[in-house]
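Here is the structure we will look at, set down as structure tokens.
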Amino acid sequence: MLSRTTRTLISSSTTATSACRRWASTLVVSEPLSKDGTLSAGTQSTVTAASQLGGDSLTLLVEEMPSQIPEGISNVLVYGKGGLSEYVSSAVQVAAEGSPYGHIVAPASKFGSTIVPRIAALLSLSPVTDVIEIVSPDTFVRPIYAGNALAKVQASDTTKLLSVRPTSFDKTPLVDAAGADVQELDVPAFAGSEFVSESTGNADKVDLGSASRIVSGGRALKSGDNFVLLDELATKLGDCAVGASRAAVDAGMAPNDTQVGQTGKVVAPDLYIAVGISGAIQHLSGMRDSKTIVAINTDPDAPIFSVADYGLKADLFEAVPELTGKLKT
Amino acid sequence: MKILVGVKRVVDYAVKVRVQNNTVDLKNIKMSLNPFCEIAIEEAVRLKEQKVADEVVAMTIGPKQATETLRTALAMGADRAIHITTDLRTDYMELQPFAVSQIFQKIVEEENSDLVLLGKQGIDSDCGQTGPMLAGLLGWPQVTFAANIETDGKSMTVERETDSGTETIKISQLPAVVTCDLRLNEPRYATLPNIMKAKKKKVDTRAAEDMGIDLAPRNQVLEVYEPPPRKEGIMVENMDELIDKLKNEAGVIA
């Protein structure tokens, strides 16, 4: 496998001797790999967005070589695992040094949102973040005001630095990495901070960002224990993640990384079931691109019904178990 | 430890904005302190109460009405404030993060700040860029989405939200830039005595245009429009009807 790839060391003090004209190519910054070394769904969607930018070639920047890479990637730059956002930002700076890319693109996740602005400072660029549509190589659409308005923006920098909303772009399929040109970057360590520990909860739970179905609970669930009703429904539905409104997270009923909304995760599954969620502007912002929306709430005037395809006025403590029971396995 | 806290005057979170004449109409709209900036001020004031910080300086960039935002920060416990005045729109339309972070950089260097606390994003522009961008300009450590901060004024341990849970980062030596997320704290209400006291606290005013920074947006907003509306939905009578619709009409379940 590795014998068909070339490995060259590039450091920030030597000029890259890559054969491709980097001025018109696109650099895709990958999210951290999963524990089994696979690329994230967000990265796959980012490659799709990158392929719409009209560059000559697509280069993937990643911490270490994954088992498979997205279709269409012609070269891979590897910078080494274990660094924090300051280190990853430096890796992009090293990659872009000498010959600037036409576009640098990252997913608009917490990871991407933390590095893109720092990269902007290092490269003196003004980024366009959370892009939901690529109109042309220099014109992009991004949401503002919790998605109640969309802004069509034209970037004037020679290198366009972007983050893209993964739910707005289909995932580019992954293929075997053989044949891709792989180069290692020599990136200086960042001395100022260090990683201490992480807490990622239940690794078995379905990922909110990529599930085809989501059931979300609001403050009407009354306690974190009651979320088990939603867990059971999600298990019965299959490929279903459990999300929460900001109110539920605020009240300590659900973990922060399950919050759906303007300042949480933006999701767009095939099916979104909002249980006991009133539908504040900020929550709608995070889920209204879902294909089918169901709302279960005792208040028929709740704003959630304004985006629901199907609304049911019912007590969730009866309705949810009834739905779980009646669904086919 | 000197803390600089950025606070932004934004459209109140409960207001649903209207798009009109190719822009968001802000006439007579209720404006408030950005919720995440409020959390940042609260954290700074707590650090002062713990005697870890000596001084909390609140800073805003905005029109003359933004003084109200500073007064709220002062009433919550900030010691003094800096008002960088501009009539440019600060909701992404005109003044953008690239210029904003340069303004902050200049003030940080003048003030010799040890810690910059910012909200994780403004709820108008939804950019979330100023924090890491400022850290990059300064070459400082950065932590975004802070959910818990512990510091003795020299080093700092931060628990932050990540895409899959949380992680803990240790900043070995301040200064640093930290952006604040929802779980960090619950901001206090300013009491009436503190609101009165705030009126006597110092606010330095300076024009953004006089700072020698190019304020023009590098990203031109060509058009502002509303997202396409969803097709109107229906209310179902009972669970059986819902299941039937999901299966036979929407085709999302077996």
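The values are calculated or read from the model by the stated rules, or taken from the named source; none is laboratory data. Since this is a predicted model, take the numbers as computed values, not measurements. Every residue, glycine as well, gets a Cβ built from its backbone with ideal geometry; the counts of neighbours run over all protein chains shown. SASA here: full protein model, heavy atoms, side chains in, ligands and nucleic acids out. Shrake-Rupley method; radii C 1.70, N 1.55, O 1.52, S 1.80 Å.
Evaluate the following for B:I61: is it touching a Phe, Trp or Tyr at 6+ places or on another chain (Cβ under 9 Å) and modelled with pLDDT of 95 or more?
Details: touching a Phe, Trp or Tyr at 6+ places or on another chain (Cβ under 9 Å): yes; modelled with pLDDT of 95 or more: yes.
Yes.
Give the range B:12-30 a look and list any residue that's aliphatic (A, V, I, L, M) and touching a helix residue (DSSP H, G or I) at 6+ places or on another chain (Cβ under 7 Å), or say none.
First pass over the range B:12-30, keeping only residues aliphatic (A, V, I, L, M): B:14-15, B:17, B:19, B:24, B:26, B:29.
B:V17, B:V24 - these are the residues of the range B:12-30 that are aliphatic (A, V, I, L, M) and touching a helix residue (DSSP H, G or I) at 6+ places or on another chain (Cβ under 7 Å).
So, A:L271, is that one among the aliphatic types (A, V, I, L, M) and at the interface with chain B (Cβ under 9 Å from one of its Cβ atoms) or not? Explain how you work it out, then say what you get.
Numbers: among the aliphatic types (A, V, I, L, M): yes; at the interface with chain B (Cβ under 9 Å from one of its Cβ atoms): yes.
When the stated conditions are applied, A:L271 passes them.
In the range B:190-224, which residue that is open to solvent by 60 Å² or more (accessible area, probe 1.4 Å), among the polar types (S, T, N, Q) and more than 14 Å from chain A (Cβ to nearest Cβ) is nearest to B:G131 (Cα to Cα)?
Selected residue: B:T205.
Where residues in the range A:104-113 are open to solvent by less than 10 Å² (accessible area, probe 1.4 Å) and touching a strand residue (DSSP E or B) at 6+ places or on another chain (Cβ under 6 Å), which of them is nearest to B:T130 (Cα to Cα)? Can you show your working first?
Within the range A:104-113, the first condition is being open to solvent by less than 10 Å² (accessible area, probe 1.4 Å), and the residues that meet it are A:104-107, A:112.
Keeping just the survivors that are touching a strand residue (DSSP E or B) at 6+ places or on another chain (Cβ under 6 Å) gives A:104-106, A:112.
Numbers: A:I104: 19, A:V105: 18, A:A106: 17, A:G112: 14 Å.
Here the residue is A:G112.
Take the range A:117-129 and flag every residue that is in a helix (DSSP H, G or I), open to solvent by less than 10 Å² (accessible area, probe 1.4 Å) and either among the hydrophobic types (A, V, I, L, M, F, W, C) or more than 7 Å from every other protein chain (Cβ to nearest Cβ) (or both).
Passing the criteria: A:I119, A:A120.
Does the range A:256-268 hold any residues that are in contact with a strand residue (DSSP E or B) (Cβ under 7 Å, 6 or more places away or on another chain) and either open to solvent by 10 Å² or more (accessible area, probe 1.4 Å) or at the interface with chain B (Cβ under 9 Å from one of its Cβ atoms) (or both), and which are they? Give the derivation first.
From the range A:256-268, those in contact with a strand residue (DSSP E or B) (Cβ under 7 Å, 6 or more places away or on another chain) are A:256-260, A:265, A:267; that's our starting set.
Listed by number, the residues that qualify are A:N256, A:D257, A:T258, A:Q259, A:K265.
When you go through (1) within 7 Å of chain A (Cβ to nearest Cβ); (2) under 27 Å from B:I213 (Cβ atoms) one by one for B:E110, which number turns out not to apply?
Only one criterion is unmet by B:E110, namely (1).
Can you tell me which of A:S216, A:S210 is surrounded by 15 or more Cβ atoms within 10 Å (Cβ to Cβ) and part of a loop (DSSP other than H, G, I, E, B)?
On the way: A:S216 fails: part of a loop (DSSP other than H, G, I, E, B).
Of A:S216, A:S210, the one residue that is surrounded by 15 or more Cβ atoms within 10 Å (Cβ to Cβ) and part of a loop (DSSP other than H, G, I, E, B) is A:S210.
Under 8 Å by Cβ, and 6 or more places apart or on different chains, what pairs join a residue from the range A:175-194 that is more than 14 Å from chain B (Cβ to nearest Cβ) with one that is among the aromatic types (F, W, Y) and not in a loop (DSSP other than H, G, I, E, B)?
From the range A:175-194, the pairs are A:V187/A:Y87.
Would you point out the residue of the range A:211-255, among those that are within 13 Å of chain B (Cβ to nearest Cβ) and among the hydroxyl-bearing types (S, T, Y), that is nearest to the chain's Cα centre (by Cα)?
Filtering first and then ranking leaves A:S212.
State the number of residues belonging to the range B:86-123 that are assigned to a helix (DSSP H, G or I) and of a type outside the set (S, T, N, Q).
Restricting attention to the range B:86-123, the residues satisfying the condition of being assigned to a helix (DSSP H, G or I) are B:97-111.
Filter once more, keeping what is of a type outside the set (S, T, N, Q): B:97-100, B:103-104, B:106-111.
Number of matching residues: 12.
Condition first: of a type in the set (D, E, K, R) and surrounded by fewer than 21 Cβ atoms within 10 Å (Cβ to Cβ). Now tell me which residues in the range A:130-163 satisfy that.
Looking only at the range A:130-163, we keep the residues that are of a type in the set (D, E, K, R), and these are A:130, A:133, A:138, A:142, A:152, A:157, A:160.
If the condition is that a residue be of a type in the set (D, E, K, R) and surrounded by fewer than 21 Cβ atoms within 10 Å (Cβ to Cβ), then A:E133, A:D138, A:K152, A:D157 are the ones that fit.
List the residue pairs whose Cβ atoms are under 7 Å apart, where the first residue sits in the range B:32-51 and is surrounded by fewer than 23 Cβ atoms within 10 Å (Cβ to Cβ), the second is outside any helix (DSSP H, G or I) and charged (D, E, K, R), and the two are 6 or more positions apart or on different chains.
B:S32/B:D12; B:E42/B:R188
Which residues, taken from the range B:85-105, are under 15 Å from B:D214 (Cβ atoms) and more than 14 Å from chain A (Cβ to nearest Cβ)?
B:T86, B:L88
So for the range B:121-130 (the condition being in contact (Cβ under 8 Å) with a residue 12 or more places away in the chain, open to solvent by 50 Å² or more (accessible area, probe 1.4 Å) and within 8 Å of another protein chain (Cβ to nearest Cβ)), does at least one residue qualify?
no
Any residue in the range B:167-189 that is facing chain A (nearest Cβ under 9 Å) and farther than 23 Å from A:P32 by Cα sitting within a Cβ distance under 6 Å of a residue that is assigned to a loop (DSSP other than H, G, I, E, B) and at pLDDT below 95? List the pairs, counting only those 6 or more apart or interchain.
Here the result reads none, with nothing in the range B:167-189 linked to a residue that is assigned to a loop (DSSP other than H, G, I, E, B) and at pLDDT below 95.
Evaluate the following for A:D289: is it open to solvent by 30 Å² or more (accessible area, probe 1.4 Å) and within 9 Å of another protein chain (Cβ to nearest Cβ)?
Numbers: open to solvent by 30 Å² or more (accessible area, probe 1.4 Å): yes; within 9 Å of another protein chain (Cβ to nearest Cβ): yes.
For A:D289, the condition - open to solvent by 30 Å² or more (accessible area, probe 1.4 Å) and within 9 Å of another protein chain (Cβ to nearest Cβ) - is met.
For the range A:67-81, enumerate the residues that are in a loop (DSSP other than H, G, I, E, B) and under 11 Å from A:V187 (Cβ atoms).
If we filter the range A:67-81 for residues that are in a loop (DSSP other than H, G, I, E, B), which is where we start, we get A:67, A:71-72, A:79-81.
If the condition is that a residue be in a loop (DSSP other than H, G, I, E, B) and under 11 Å from A:V187 (Cβ atoms), then A:Y79, A:G80 are the ones that fit.
Conditions: (1) in contact with a His (Cβ under 9 Å, 6 or more places away or on another chain); (2) under 24 Å from B:Y92 (Cα atoms). A:G55 meets all but one. Number of the miss?
The single condition A:G55 does not satisfy is (2).
Listed residues B:N248, B:N238; which is surrounded by fewer than 14 Cβ atoms within 10 Å (Cβ to Cβ), at the interface with chain A (Cβ under 9 Å from one of its Cβ atoms), out of contact with any Cys (no Cβ under 6 Å at 6 or more places or on another chain) and more than 30 Å from A:A149 (Cα to Cα)? Before you say what the answer is, go through the steps one by one.
Numbers: B:N248 fails: at the interface with chain A (Cβ under 9 Å from one of its Cβ atoms).
Of the residues listed, the single one that is surrounded by fewer than 14 Cβ atoms within 10 Å (Cβ to Cβ), at the interface with chain A (Cβ under 9 Å from one of its Cβ atoms), out of contact with any Cys (no Cβ under 6 Å at 6 or more places or on another chain) and more than 30 Å from A:A149 (Cα to Cα) is B:N238.
Could you please let me know if A:I304 is more than 8 Å from chain B (Cβ to nearest Cβ), buried (at least 22 other Cβ atoms within 10 Å of the Cβ), more than 18 Å from A:D231 (Cα to Cα) and modelled with pLDDT of 95 or more? Before you say what the answer is, go through the steps one by one.
On the way: more than 8 Å from chain B (Cβ to nearest Cβ): yes; buried (at least 22 other Cβ atoms within 10 Å of the Cβ): yes; more than 18 Å from A:D231 (Cα to Cα): yes; modelled with pLDDT of 95 or more: yes.
Considered against the rule, which asks whether it is more than 8 Å from chain B (Cβ to nearest Cβ), buried (at least 22 other Cβ atoms within 10 Å of the Cβ), more than 18 Å from A:D231 (Cα to Cα) and modelled with pLDDT of 95 or more, A:I304 comes out as yes.
Assuming A:K328 fulfils every condition listed in (1) surrounded by 20 or more Cβ atoms within 10 Å (Cβ to Cβ); (2) facing another protein chain (nearest Cβ under 8 Å) apart from one, which condition is it?
Only one criterion in (1) surrounded by 20 or more Cβ atoms within 10 Å (Cβ to Cβ); (2) facing another protein chain (nearest Cβ under 8 Å) is unmet by A:K328, namely (1).
Could you please give the count of residues in the range B:138-149 that are within 11 Å of another protein chain (Cβ to nearest Cβ) and either in a loop (DSSP other than H, G, I, E, B) or not hydroxyl-bearing (S, T, Y) (or both)? It would help to see each step written out before you state the result.
Looking only at the range B:138-149, we keep the residues that are within 11 Å of another protein chain (Cβ to nearest Cβ), and these are B:138-145, B:147.
Remaining after also requiring either in a loop (DSSP other than H, G, I, E, B) or not hydroxyl-bearing (S, T, Y) (or both): B:138-143, B:145, B:147.
The number of residues fulfilling the criteria is 8.
How many residues are in contact (Cβ under 8 Å) with a residue 40 or more places away in the chain, in a loop (DSSP other than H, G, I, E, B) and open to solvent by less than 30 Å² (accessible area, probe 1.4 Å) if we restrict to the range A:230-255?
Total meeting the criteria: 0.
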